[in-house]
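Enquirer: Following this message is one structure expressed as structure tokens.
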Amino acid sequence: MPISRSGKKYFTQHQYETAMAASALEYARRQGYDLVGHGDRYHLREHDSMIFLSDGRWYWNSRHLSGRAFEFCREYEGRSMVDAVLRLSGEDGACLPVTAYTAVSEPEVEFTLPPPASDATGILVKYLTERRCCDGEIVRDLLRQKRVYISCRPTADNKVIRNAVFISYDGHGVPCAAILRGINYGSQFKGIVPGSDKSVVWELPGKPGADMVAIFEAPIDAISHATLEKQAGIEWQKTHRLALAGNPAPGTVSKWLAHHPEIQTIKMCFDNDEAGRNFAKQLPLTVSFTGQIVDLLPPSGKDWNECLVTLTKRKDFE
């Protein structure tokens, strides 16, 4: 087990990648969880709303949680990030990485938003404005528009799991999808509420008549980009901003564009990594658009929030 000179456990990049690929079903089996099989799906006997798929994913529908083995260790077992990585990377032989992918359809569940924790809204605001350095006025507008809120739930060991919930609406203003982001210190949890309509984007709307749209992988990057433009004195509301949640259904952007014929420019604002570059290559092939499409990289860092945080900290020291 890797131990630093200060006596703290840590993990290597290889161990992290191994843990991220680990199968939740394989882990549950090795840990002796009581599983009930239904073809290529299984559920916990004690929690029949927790479903495991043979491709390594799990869904706890009643708690609006999902992921792979790493998220299972963190969200269900309450392990720290370091402990979860070391456990899943084979440190104690608890789990092996997934070696093959089996295509399995997601369980059909009714979309239901996680219960809000309105008394904890201040924690969400502090997370977005202090830790993520997003503009406070933009954050408060999103809260008023009910495009984001905080949901909390206790764990068996008396801890509290807190998630930011970014809500997407259909054409009638009805919530139909939601992106989850863990906001506890050290949390890497990212997910989508089960039953979400992946053909609907999360939106940070610009002002009426705005003829540009910027497309991001995650809501926090969209908010960060708006913050950066506002700080630079740019009229940030001249641009609509969309977040795709990392795994959009085909035609997602085209569906939004069909309701916004005024758009003249698309800005592709994806991460500066392999996945982001692939998004930038694929998007122009999936939309029918006669206007201008621009590939816009963050000035520094991997993504727009990393860029914002770096610039903010640099200003603090000037």
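The values are calculated or read from the model by the stated rules, or taken from the named source; none is laboratory data. For clarity, every value in this text was computed on a predicted model and none was experimentally measured. With ideal geometry, Cβ positions are generated from the backbone for all residues, glycine too; neighbour counts draw on all protein chains shown. The protein model used for the area step is the full one, side chains on, heavy atoms only, and it has no ligands, DNA or RNA in it. Shrake-Rupley method; radii C 1.70, N 1.55, O 1.52, S 1.80 Å.
Enquirer: Among Asp83, Asp119, Asp92, which is the only one that is at pLDDT below 90, among the acidic types (Asp, Glu), loosely packed, with under 15 Cβ neighbours inside 10 Å and not in a strand (DSSP E or B)? Show your work before the answer.
Expert: Details: Asp83 fails: loosely packed, with under 15 Cβ neighbours inside 10 Å; Asp119 fails: at pLDDT below 90.
From the options Asp83, Asp119, Asp92, the qualifying one is Asp92.
Enquirer: Return the residues of the range 50-69 that are touching a residue at least 60 places away in the same chain (Cβ under 8 Å) and open to solvent by less than 10 Å² (accessible area, probe 1.4 Å); say none if nothing qualifies.
Expert: Leu65
Enquirer: Can I ask one more? Any idea which of Val174, Val160, Val148 is buried (at least 21 other Cβ atoms within 10 Å of the Cβ) and of a type outside the set (Gly, Ala, Ser)?
Expert: Every option except Val148 fails the conditions.
Enquirer: Are any residues in the range 287-306 over 18 Å from the mean Cα position of the chain (by Cα), within 17 Å of Ala226 (Cα to Cα) and surrounded by 14 or more Cβ atoms within 10 Å (Cβ to Cβ), and if so, which ones?
Expert: Residues satisfying the conditions are Asp295, Leu296, Leu297, Pro298, Gly301.
Enquirer: Take the range 45-65 and flag every residue that is part of a strand (DSSP E or B), in contact with a helix residue (DSSP H, G or I) (Cβ under 9 Å, 6 or more places away or on another chain) and not aliphatic (A, V, I, L, M).
Expert: Result: Phe52, Trp58, Trp60.
Enquirer: Right, something else. For the range 177-187, enumerate the residues that are small (Gly, Ala, Ser) and buried (at least 22 other Cβ atoms within 10 Å of the Cβ).
Expert: Once the filter is applied, which keeps residues that are small (Gly, Ala, Ser) and buried (at least 22 other Cβ atoms within 10 Å of the Cβ), the range 177-187 yields Ala177, Ala178.
Enquirer: Please verify whether the range 196-214 includes one or more residues that are open to solvent by 30 Å² or more (accessible area, probe 1.4 Å) and among the aromatic types (Phe, Trp, Tyr).
Expert: no
Enquirer: Restrict the check to the range 228-244 and report whether at least one residue is modelled with pLDDT under 95 and surrounded by fewer than 18 Cβ atoms within 10 Å (Cβ to Cβ).
Expert: no
Enquirer: Sticking with this structure for a sec: Given the conditions (1) touching a helix residue (DSSP H, G or I) at 6+ places or on another chain (Cβ under 7 Å); (2) open to solvent by 40 Å² or more (accessible area, probe 1.4 Å); (3) of a type in the set (Lys, Arg), and given that Lys190 satisfies all but one, which numbered condition is not satisfied?
Expert: It fails just one condition, (1).
Enquirer: I would also like to ask the following. Suppose the filter is under 17 Å from Ser23 (Cβ atoms), open to solvent by 50 Å² or more (accessible area, probe 1.4 Å), at pLDDT below 85 and in a loop (DSSP other than H, G, I, E, B); does Ala103 pass it?
Expert: yes
A quick yes/no check of all residues on (1) more than 19 Å from Asp271 (Cα to Cα); (2) out of contact with any strand residue (DSSP E or B) (no Cβ under 7 Å at 6 or more places or on another chain); (3) at pLDDT 95 or above:
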| position | (1), (2), (3) |
| --- | --- |
| Gly186 | yes, yes, no |
| Lys190 | no, no, no |
| Ser196 | yes, no, no |
| Ser199 | yes, yes, no |
| Pro205 | yes, no, yes |
| Gly209 | yes, yes, no |
